[in-house]
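I have placed the structure first, in the form of structure tokens, so that the comments after it can refer back to it.
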Amino acid sequence: MASLGNTIKATGANVAFSAAFKYLEKDPVKNFPKLMKWADTFTKGNSWNKAVGRFQNWFDEETWQGVLIKRVLQDCNTTYLKKFILNFFLNSGVKGMPIARAKSEELGVNVPWAILMDPTSACNLKCVGCWAAEYGKHYNLSYEKMDEIITQGKELGVYFYIYSGGEPLVRKKDLIRLAEKHNDCAFGAFTNATLIDEDFVEDLLRVGNFTFMISAEGNKEETDSRRGEGTYDAVKRGMKLLKDARIPFGFSGTYTSKNYQTISSDEWINEMIDDGCLFGWLFTYMPIGSGADVSLCVTPEQRAHMYKRVREMREYKPIFLLDFWNDGEYVGGCIAGGRRYFHINSNGDCEPCAFIHYATHNINECTLEEALGSPLFKKYQEGQPFSDNLLQPCPLLDNPEKLRQIVSESGAKPTQDLDLEGVDVLTAKTDPIAAAWKPVADQIWSCGHYPHNAIINHALQKRVDLTCGGTADCGNCGRIKVDRPTEKPAHIV
Ligand code: SF4
């Protein structure tokens, strides 16, 4: 009944929203307050109402959030804008999340918010340090299998699907078919952007529910040295095609000991904003596979630098930045193992996370519900959060003893085709990294972290700890201090 109620509510919302959206089609920036007024009425009495209020406040103020909202309204094609609000907020949030909660209770397995899957292991590039190359080039999830996963997922309340790989756009025709068929879902892909062309852009404008996290590594020299000559220009070309067509996208950047300063610089982030990125997902380099170069892993000081810089840039850059490890505090630690998401590789192995290559179940031999109930996922969820310090969220990078225990107790097997790296070999590389990070993470956590319900507190500007600089009550801070810009940044217009 709960699901039916939510479906009816969401259907009503969709109809009402379609009428309200007409305002936005005419003059998005001018009419945004009218849409918010409608949203305020519609969400009265439920938890989304506060979010609506926050959006309106941000829009009214000259903050980076307000500028970002205006960028989205001005720079997004209206089909995309409409699909984003309908599929991402209404279907995945208002409709999907309550269905997922009800199904979790009914079935006794946790239903996540998103599913990440690899259409193929093939890639047209061979980047240094990318594990995708280790899987070999011969695995694919068939169109039918991906369709089945999404169909089963929607029944469980999952309306958000992300592709990684390999290079997912090697299968772009199938991905467009899926976006077209499941036009009530939101789709995203981690891509190197080199296969984005005019025909594909036309397809995207037709479906309107497919966005991209484009891999970017720093400047031309850094990009081409890691990913091959000419890659930088090809990435820029892909971004330009999307920007010119007003298709929303962001960047995905892996920071290493070599490029972390470039990636965290004002200049580089400004360049990404100028290239059209509305959001940026940051990842730290993980030493996965026998060919991994451990010297590329960031030191504790470099990771702390990223922690500080991302928070600084969030104060004034009109781009939504997210750091997959250092932001564990916003989401209660590790989100993998089906808690909020999980990963299906191109061979069908159901892995807890894109970075954790072990599995007990394969989607070619089980249903989605069975995969979600896998002993590996159960062990993962029992262990989460893996540390009381949410700046040490990861069972591989920060708590390797936990990953050894989970893999051994669940009987999970390695899935990385070429070297089948065992968990002891893998975690031997991260043991010293975790030990070195712990004292630094503890210090930041003891006096500089956002509280657990940080998203709300962040919005309420409760940032006392981060700005105390050693002078607030805790008295032991001073190492990680966020420097606020004193002048209005150039992008706030
Ligand atoms: S396993 Fe590590 S990388 Fe994956 S979601 Fe959890 S914390 Fe993040």
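Descriptive notes on the structure:
- Residue list for the range 287-328, restricted to those being of a type outside the set (Gly, Ala, Ser), away from the ligand (no atom under 12 Å from the Cβ) and under 30 Å from residue 145 (Cα atoms): none
- Filtered residue count, the range 382-399, keeping only those that are over 25 Å from residue 300 (Cα atoms) and either away from the ligand (no atom under 15 Å from the Cβ) or of a type in the set (Phe, Trp, Tyr) (or both): 0
- Checked against (1) away from the ligand (no atom under 13 Å from the Cβ); (2) under 18 Å from the mean Cα position of the chain (by Cα), residue 364 passes all but a single condition, namely (2).
- Filtering the range 183-205 for residues that are touching a strand residue (DSSP E or B) at 6+ places or on another chain (Cβ under 6 Å), of a type in the set (S, T, N, Q) and buried (at least 23 other Cβ atoms within 10 Å of the Cβ) leaves a non-empty set.
- Test for residue 379: is it within 12 Å of the ligand (Cβ to nearest atom), crowded, with 20+ Cβ neighbours inside 10 Å and basic (Lys, Arg): no
- Test: residue in the range 289-305 that is under 18 Å from the mean Cα position of the chain (by Cα) and either of a type outside the set (Ser, Thr, Tyr) or under 24 Å from residue 446 (Cβ atoms) (or both): no
- Neighbours by Cβ (under 7 Å, 6+ apart or cross-chain): first from the range 318-342, among the acidic types (Asp, Glu); second more than 9 Å from the ligand (Cβ to nearest atom): 323/282; 323/306; 323/310; 329/390; 329/391; 329/449; 329/450; 329/454
- For the range 205-238, a tally of residues being under 20 Å from residue 262 (Cα atoms), under 20 Å from the mean Cα position of the chain (by Cα) and at pLDDT 85 or above returns 5.
- Residues of the range 207-222 classified as among the β-branched types (Val, Ile, Thr) and buried (at least 23 other Cβ atoms within 10 Å of the Cβ), total: 2
- Only a single criterion out of (1) assigned to a loop (DSSP other than H, G, I, E, B); (2) under 24 Å from residue 96 (Cα atoms) is not satisfied by residue 144, namely (1).
- Applying a threshold of 6 Å to beta carbon distances and a minimum spacing of six or more residues, or different chains, the list of pairs starting in the range 361-378 at a residue that is at pLDDT 95 or above and ending at one that is in a strand (DSSP E or B) reads 361/350; 362/349; 363/344; 363/350; 371/350.
- Hits in the range 405-420 (condition: more than 15 Å from the ligand (Cβ to nearest atom) and modelled with pLDDT of 95 or more): 408, 409, 411, 413, 414
- The single condition among (1) surrounded by 20 or more Cβ atoms within 10 Å (Cβ to Cβ); (2) within 15 Å of the ligand (Cβ to nearest atom); (3) assigned to a loop (DSSP other than H, G, I, E, B) that residue 402 does not satisfy is (3).
- Scan the range 329-354 for residues that are within 14 Å of the ligand (Cβ to nearest atom), among the small types (Gly, Ala, Ser) and over 12 Å from the mean Cα position of the chain (by Cα) and the total you get is 4.
The values are calculated or read from the model by the stated rules, or taken from the named source; none is laboratory data. All figures in this text were calculated on a predicted structure; none of them were measured in a lab. Note: ideal-geometry Cβ built from the backbone for every residue, glycine included; neighbour counts use all protein chains shown.
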